[in-house]
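Below: the structure, in structure tokens.
The values are calculated or read from the model by the stated rules, or taken from the named source; none is laboratory data. Keep in mind the model is a prediction, meaning the values are calculated, not measured. A quick note on method: Cβ atoms are made from the backbone with ideal geometry, for glycine too, and the neighbour counts reach across all protein chains shown. To get the accessible areas, we keep the full protein, side chains included, count just its heavy atoms, and leave off ligands, DNA and RNA. Shrake-Rupley method; radii C 1.70, N 1.55, O 1.52, S 1.80 Å.
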Amino acid sequence: MTALLAAGAPGRTQEPRTPPPPAVTAASAVPDDGDGPLRIDALVTDRRGRPVTSLRLADFALVENGVARPLASAEFRGLPPAAAIPASASDDLTSARQRGTRVFAFLLDEFHVAPGEAADRVRSALLKFVDERLEPQDLALVTRPLDDPASVRFTRDRAALRAAIAGFVGRQGDLAPRGPFEAQYIGRAPAAVIASRAQIVNAALRNQTLRLGDLAADRPILIVVSDGFPTDAPNPSGGRFDAQGVLRAASRSHLTIYAVRPGDGGTAATAAPAATGTIGWLAEQTGGRSFAGSVDPALDRIARDLAGYYALTVAMPPPDGKFHAFELRTVPAGLEIHTRPGYWAPFEGPRRGSIVMKPVVGRVLHRSALVETSATVLPDAAGRTRLVVAWEARAGSRAAVATVRARSTDGQELFSGRLVPARAAGGADSARFDVPPGRVEIDLDLFDAEGRIVDRDTRDIDVPDLVAARTARPRLFPQLLRARTVRDFEAIAGDPAAAPSATRRFSRGDRLLIRVPTFDASGAPIELSATILNVRAQPMREIDPLPSGAGAAQFALPLSWLGAGQYFIQIVGRTAAGATTERLAFTLAW
């Protein structure tokens, strides 16, 4: 049962069927890529932590950039009576969209949970959750990072869920491969195993987010059980873990993420967003929570969080694809309300409804811990594309020489050979070759100074079809090139074949050259500007442009004036048809 509080309608109260949520409350804001309203979900409690279920539409206020936005409706939603279960319990696509159906995805990160007591606590708490907290209409699945997504379905079969939970074992600290797959594709070198495991968990998190989005569920929830893993491991598309892409996908699909860290086996579960790093941040940003401590109390609190909430709607803003911060307030004094800091507006035009993420492909991918690797698309005036592959050996790495092989997904060989040493003093090697639109598979074989193979790096790159797309806005393809002396900087500024930097970690003695190849279907001139932003994405200063050279616009950024930390380089390209913004993240070390 729910109480609908529409404009001008009197309020009614409906108590939730399960225990009320605790004092610390959570919420989520959900943008829809269609023309419907924006929905914001919120839990509200009084000063004693008791749920408040009798608020009217007039009791809420939404403020965005200091301006009040009128709310269209407010609805309190408690757990309804058990919904009718479809004849086929495996009909997840249909039943997930039914009002009152909660869809749980449990991602059990066996690579980053210790064996023994910690894993035992996870199994015991999850079994109790399935037996006591799942409602008859709820759907759920339990997966581990190496599970084949196609073989695991959302189900109401509690026996199947219990069997999946019982098979969970912690493997943190145990780097030995189990089975031929891990032996062949992950290897045995500790650094390579650690990096590969982080990449696999990153991919599993992305896949689960997209899968829940595809269901278009009424109430999707992702619970990640992990003691934390490095999110700087390269992702399957060749870059770093795309936390913002995961957040966009979660926001679009109305997904709430919870993070549970079982390693600290205390008697109480405490909210600790920083305890799980990026996963804790994603939980906070999606209206979930991050817990450190005993797993059982954490899952109990999650269950209470999901027992009842307010669903508020407001008119969808103009599509600009940007993040919009807002503040949700209540008129009655003394109430506690917590919501995510904002929402993502939909894209306009051809990008409307798209997500800056792609599902992980079936090809087995591996990121070598010995090198940094990048792949950059370069367009020409006719819309044809080239790919620049660059690599740098990490400190202490045995990799001295690399060969690269590139092919399309249909098996056509695009390039094969040793990488050409860069002329600049950046320590990178690069290869350049023409590529068709679509996915390109890249394999790098790494050799030591004696010619012995020491590792392999495999990644996939998606090349845009600039001719077919014909987007109205300009396209930008920025590169970062690094120099350590003024002479080196002058050399790469005049050299169109200078290799881009494969790393995004620099020192204060470095000088960065920002080179921005562009493409515009209309052939109109593109006005470019570049700004350096701090870690909070706040502008710090404009970046000085250089005279045109090397066939593309360029900007100079010395790093000596910056302190250690993370920064962004924001590049904006403008034409009469509109503007395009790209950001490059980098880290500055002392």
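Tabulated data for the structure shown
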| quantity | calculated |
| --- | --- |
| Inter-probe distance in nm under a simple model that places probes 7 Å from Cα toward Cβ, at Arg56 and Ala189 | 6.9 |
| Diffusion coefficient, µm² s⁻¹, Stokes-Einstein with Kirkwood Rh over alpha-carbon pairs of segment 479-572 at 37 °C and 0.692 mPa s | 234 |
| Added length on full extension, which subtracts the Cα-Cα distance from 0.36 nm per residue, Glu117 to Asp443 | 113.3 nm |
| In Å², nearest 10: area of Tyr567 left accessible to a 1.4 Å probe | 20 |
| In Å², nearest 10: area of Val44 left accessible to a 1.4 Å probe | 10 |
| Peptides 444-457, 479-492 ordered by average Cβ neighbours within 10 Å, highest first | 479-492, 444-457 |
| Probe 1.4 Å - accessible area at Phe415, Å² to nearest ten | 50 |
